[in-house]
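Accompanying notes for the structure given below.
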Amino acid sequence: MKFEINTDIQNKVLKNLTNRFLNNVSDNAQLIFEEQQIKKEMRTLHPIVYAFCLLISFVANATTAPHSIFDSFQEEDVLDITISTNFERILNDMKLEEYQPAQFSYKMDGQTYNWDIKVKQRGRFRRRTCEMPPLKLNFSKKDLEQEGLAKFDKMKLVTYCMDDGTGKENVLKEYLAYKLYNELTPYSFRVQLVRVAYVDTQKSMRKIKRFGFLIESTSELEARIGAEEVEKHGIAASELHQKQEALAAEFQYLIGNADWNTAVMHNTKLMQKSPDAPVILVPYDFDFSGLVNAAYAKPNRNVGQETITQRVFMGNAPSNRTAMQNYFQSKKSDMYEVINNFKFLNWDVQLEMTNYLDTYFNPAVDNVDYIDSAVGK
């Protein structure tokens, strides 16, 4: 068998993994991000080189800090989990704030794992609107430590909103929005697709199984990118990391999301690597985007948005976007691949999503539902 070796990729992979091993920089966000991108192209390597890279990667991972429980989920395509708790109590009181006992279980590599955890409702709009409110999961730090895992004990669960076909599509499309942003920058929340079995310990509701996704905690994001969250209302544009602000704003424009605001920290996290460093903007919550196009979503008329699918640019420099648009163009095929290779959505829904993105990459596409606008903050 004849193998064609891409020496540029081969050398880049070796350099990346060797640096990670020698410098033990597992929390270097950019290095990890580059490694993830390179892995997509590793199939072009000679088998011997590929095996050597895997060996280096294994040793590098073994010498770094303990993995988190969220890290262990990242190896799975979709993770089947079961959450058992008093759902009757949750569903009968959407204002309930405190945690309650629950059991979290899942299977991996033929083994069943059971965790005693605590859960509570979270969110605002979806909590009031959805049939199943979003949940926050709280693991025991002591239990995590006993299993040799890092003490990142919390994560969010995005649940289905309406228990119908569109409800399933909405949660999967929002999951893909997060995955698209992961393609663009390491300064983004990681997500894990799950199929959740909801078991009510009071037996007042039948057991149901629905798609959802887990979002890594802010504290784990902080550790991964080497930064700390900044809670500061009214942050000035000059304080922001210009490239990351431009990237986040352009992405929100790409997916047609106007449900965010840096000044009041609405659906954005602000991260800083040192007191004097520029502030990195990390967006989240994309269900009000045109890409998801949820039936319950409402346009942001405060910025001139008339429909959910209408794009409104809300960045700080609407007249200087060429460089970032060129970067997005270079990542177009990768983003489309994320959508088209996702097996849990029907092809027509995938086509609907890529057609919507087409109206960004090709503004000449004539579709009256997708209107470009530009406003300042």
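A short reminder: the numbers here are calculations on the coordinates, not readings from a lab. Worth saying up front: this structure is predicted, and the values here are computed from it rather than measured. Please note: Cβ atoms are built from the backbone with ideal geometry, for glycine as well, and neighbour counts cover all protein chains shown.
Note: relative contact order over the stretch 275-336, using C-alpha pairs below 8 Å and six or more positions apart, is 18 percent. Report note on the peptides 150-156, 125-131: ranked by the mean count of other C-beta atoms within 10 Å, highest first, their order is 150-156, 125-131.
Working from label points 7 Å from Cα in the Cα-to-Cβ sense, the Met205 to Asp109 distance is 3.4 nm. With N counted as the residues of the stretch 227-374, its alpha-carbon radius of gyration over 2.2 N^0.38 Å works out to 1.08.
With contacts taken as Cα pairs under 8 Å at a separation of at least 6 residues, the stretch 69-221 carries a relative contact order of 25 percent. The length gained by stretching the chain between Glu228 and Asp358 to full extension, at 0.36 nm per residue less their Cα-Cα distance, is 43.2 nm. Packing here is the average count of other Cβ atoms within 10 Å per residue, and on that basis the peptides 93-99, 205-211, highest first, run 205-211, 93-99. When each of Met324, Met162 is scored by the number of other beta-carbon atoms lying within 10 Å, the sequence from fewest to most is Met162, Met324. Taken along the Cα-to-beta-carbon direction at a fixed 7 Å, the label points for Arg195 and Thr322 span 5.0 nm. Only Cα pairs under 8 Å and 6+ residues apart enter the sum, and on that basis the relative contact order of the stretch 234-305 stands at 31 percent. Highest mean packing comes first when the peptides 194-204, 165-175 are listed by Cβ atoms within 10 Å, giving 165-175, 194-204.
Our estimate of slack between Gln100 and Val264, defined as 0.36 nm per intervening residue step minus the Cα-Cα distance, is 56.0 nm.
Net charge in the neighbourhood of Met324 (other residues with Cβ under 9 Å of its Cβ; Lys, Arg +1, Asp, Glu -1) is +1. Straightening the chain between Asn92 and Ala295 buys 70.7 nm, computed as 0.36 nm per residue apart minus the Cα-Cα spacing. Once the Cβ-Cβ distance of Gln146 and Val338 is raised to the sixth power relative to R0 = 56 Å, the FRET efficiency obtained is 0.95.
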